[in-house]
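A.B. asks: Structure in structure tokens, see below.
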Amino acid sequence: MIINLTYYHVANDVPEITPDIAVVIDVLRATTTISWALKNGANSIQVFADLDLLKESATKCKTDERIMLGERGGRKIEGFDLGNSPLSVTKKVVNGKRLFMSTTNGTKSLHRVQNAKHLFAMGLPNRRAVAEKIISLKSENVLILGSGWEGSYSLEDSLAAGALAAYLETNSDFEVNILNDELQASLALWEFWKNDILKCLKTATHGKRLTSLGDYEDDFKCCSELDCLDIVPTQVERGVIRAS
Ligand code: MLT
């Protein structure tokens, strides 16, 4: 069997297709936060591009059962319970709760491919879990989508796309077909940085942006940890993600 992999840097680059499998990556930090929130017992995460829609949906949920989280420009949204740090979604805070989330780029990418038959969110901590899920589904076409920053390329998402492709090449019995140069470049990026992921994240422009906003050292460490989570954040209905 062949598995065809294509990588797009940002949501706007994705053509009008309905992929079998779409994997959305936002290493810094949306998909890392989603993965940790689900690991820590969040009931579900509903993602929104539009803040008014988010607030409208959240108010339909009881106050003690919901959490509104997200950022704009890296900063917590005013009036929200949490920002977008994977460290903030502890068991104590999110266990059993329904999360309503909006971020500058990550949730837009999730929206862009919400018609996919299977949609997963991936950060570096759950790279292996998502890859094993893909292998188990035996689908031919996998679309990998980075989130970038406001329409432009991001180093850390491309690194993770390369990490996913490298895992599939090494660990699946399928012939893995790299369909575009963006993904070939990501594989090269992974080879170059795989032994110093933390440095790659801090070198990235969004890493530098976060550094300029405050002390994000622990976020960087959390987001750069590879294969430590067995969670596969999976879209169960449009815009709603649960653990599988
Ligand atoms: C995003 O969606 O753009 C990011 O997750 C931003 C962030 O680091 O909070």
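A.B. asks: Going through region 156-204, which chymotrypsin sites (Phe, Trp or Tyr not before Pro) have at most 12 other Cβ atoms within 10 Å and a DSSP loop state?
C.D. replies: none
A.B. asks: What is the antiparallel percent of DSSP beta bridges lying wholly in region 2-241, to the nearest 5? The partial results should precede the final answer.
C.D. replies: On the way: 8 of 36 bridges.
The antiparallel fraction comes to roughly 20 percent.
A.B. asks: Using DSSP to call loops (not H, G, I, E or B), can you name the trypsin sites (Lys or Arg not before Pro) in region 194-244 whose Cβ has at most 13 other Cβ atoms within 10 angstrom?
C.D. replies: Arg238
A.B. asks: Which whole DSSP H helices in the chain pass both tests: a Cα extent of 15 Å or more along the axis and a mean Kyte-Doolittle value no lower than 1.0?
C.D. replies: Qualifying helices: none.
A.B. asks: Calculate what fraction, in whole %, of the accessible area of the chain sits on carbon and sulfur atoms when a 1.4 Å probe is rolled over the protein chains.
C.D. replies: Taking all protein chains in place, the chain shows 46 percent carbon and sulfur surface.
A.B. asks: In the neighborhood of Ile241, defined by Cβ-to-Cβ distances under 14 Å, what is the net charge if each Lys or Arg adds +1 and each Asp or Glu adds -1?
C.D. replies: With Lys, Arg at +1 and Asp, Glu at -1, the neighbours total +4.
A.B. asks: By the gyration tensor of its Cα atoms, with a ≥ b ≥ c the square roots of the eigenvalues, what is the shape of region 188-229: rounded for a/c under 1.5, prolate for a/b over b/c, or oblate? Don't jump to the answer; show the numbers that get you there.
C.D. replies: On the way: a/c = 3.04, a/b = 1.39, b/c = 2.19.
Judged from the Cα gyration tensor, region 188-229 comes out oblate (a/c at least 1.5, b/c at or above a/b).
A.B. asks: Net charge near Thr63: determine it from the other residues with C-beta under 14 Å of the C-beta of Thr63, scoring Lys and Arg +1 and Asp and Glu -1.
C.D. replies: Taking every other residue near Thr63 into account, the sum is +3.
A.B. asks: Another question about this same structure. What number comes out for the charge environment of Pro125, summing +1 per Lys or Arg and -1 per Asp or Glu over other residues with Cβ under 10 Å away?
C.D. replies: Every neighbour counted, the sum reads 0.
A.B. asks: In Å², and per residue, what accessible area does the chain have when probed at 1.4 Å with the other protein chains present? If you can, show how the numbers build up before the last one.
C.D. replies: Details: 10610 Å² over 244 residues.
It amounts to 43 Å² per residue over the chain.
A.B. asks: At q = 0.21 Å⁻¹, work out log10 I(q)/I(0) for region 98-241 with the Debye formula, treating every Cα as an identical point scatterer and leaving solvent out; two decimals please.
C.D. replies: With no solvent term, the Cα-only Debye profile gives -1.59.
A.B. asks: Expressed as a rounded percentage, what relative contact order does the chain have, with Cα pairs under 8 Å and six or more residues apart?
C.D. replies: 34
A.B. asks: How large is the helix-only mean residue ellipticity at 222 nm for the chain, computed as the sum of -39500 (n - 2.57) over DSSP H runs with n ≥ 4, divided by its residue count, in deg cm²/dmol to the nearest 500?
C.D. replies: Mean residue ellipticity at 222 nm (helix-derived): -11000 deg cm²/dmol.
A.B. asks: Could I have the simple spin-label model distance between Leu53 and Thr211, label points 7 Å from Cα toward Cβ, reported in nm to one decimal?
C.D. replies: Using points 7 Å along Cα→Cβ, the separation is 3.6 nm.
A.B. asks: How big is the Cα convex hull of the chain in projection, averaged over all directions, in nm²?
C.D. replies: Computing the convex hull of the Cα atoms and averaging its projections yields 11.7 nm².
The values are calculated or read from the model by the stated rules, or taken from the named source; none is laboratory data. Just so it is clear, the model here is predicted, and its values are computed rather than measured. Cβ atoms come from the backbone with ideal geometry, glycine included; neighbour counts cover every protein chain shown. These area figures cover heavy atoms from the full protein model, side chains too; ligands, DNA and RNA do not enter into them. Shrake-Rupley method; radii C 1.70, N 1.55, O 1.52, S 1.80 Å.
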